[in-house]
Amino acid sequence: MLADLSGPGDDGHEEAPPVEIADALGRIFEQIQSKPYEIQLLLRDLADGGNVAVEALEPSLRTAFERLRLVIGEDAAPRGSATGRELFLDLAAPLFLLTATWPVLQRALDLDPDERRGILASASRRTLEAHGYGELG
């Protein structure tokens, strides 16, 4: 599912090309939109403290975090800097929130289904700017 996000060079044979944060977030969001029931099941499992979601999401999230660290110029420290972790969490939170609550938000705010990606892009831009990385996305 989310492992499908790997791009050219992710097989270890060639260096991965630079990835812009906005493009990476867009790909993640497209994957989530294309598999809403799987994501809902994973989110329910997380809410119940289960391990299925952890096993399913950890590799993709780790790869996304490593790519983000490269884009923002962090070194190869195993856990990255506190700044890199905070940025990643601030970017991931709206993605998961919109996924988990979109039907409620759409109805309560009378949103068009096609507005979801724009809302995520706007939230991501604000987050990047707040962290001083507005030019990356």
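Tell me whether region 81-93 contains one or more residues that are out of contact with any Pro (no Cβ under 7 Å at 6 or more places or on another chain), more than 14 Å from Leu61 (Cα to Cα) and among the small types (Gly, Ala, Ser). Looking for residues that are out of contact with any Pro (no Cβ under 7 Å at 6 or more places or on another chain), more than 14 Å from Leu61 (Cα to Cα) and among the small types (Gly, Ala, Ser), one finds at least one in region 81-93, hence yes.
Of the residues that sit in region 67-101 and are farther than 21 Å from Ala123 by Cα and either among the acidic types (Asp, Glu) or part of a helix (DSSP H, G or I) (or both), which one is least open to solvent (accessible area, probe 1.4 Å)? The qualifying residue least open to solvent (accessible area, probe 1.4 Å) is Glu74. Condition (residue is closer than 19 Å to Ser124 by Cα and over 12 Å from the mean Cα position of the chain (by Cα)) applied to region 36-47: is it met by at least one residue? Scanning region 36-47 turns up no residue that is closer than 19 Å to Ser124 by Cα and over 12 Å from the mean Cα position of the chain (by Cα).
Restricted to region 1-57, and to residues there that are of a type in the set (Asp, Glu) and not in a helix (DSSP H, G or I), the residue that is modelled with the highest pLDDT is Asp48.
Count, please, the residues in region 59-85 that happen to be under 13 Å from the mean Cα position of the chain (by Cα) and more than 16 Å from Ile28 (Cα to Cα). Total meeting the criteria: 1.
If the condition is being under 24 Å from Ala47 (Cα atoms) and either open to solvent by less than 40 Å² (accessible area, probe 1.4 Å) or in a loop (DSSP other than H, G, I, E, B) (or both), then region 102-123 contributes Trp102, Leu120, Ala123.
The values are calculated or read from the model by the stated rules, or taken from the named source; none is laboratory data. Predicted, not measured: the structure shown is a model, and the values here were computed from it. Positions of Cβ are generated from backbone atoms using ideal geometry, with glycine treated the same way; all protein chains shown enter the neighbour counts. Surface areas here come from the heavy atoms of the whole protein model, side chains and all, with no ligands, DNA or RNA. Shrake-Rupley method; radii C 1.70, N 1.55, O 1.52, S 1.80 Å.
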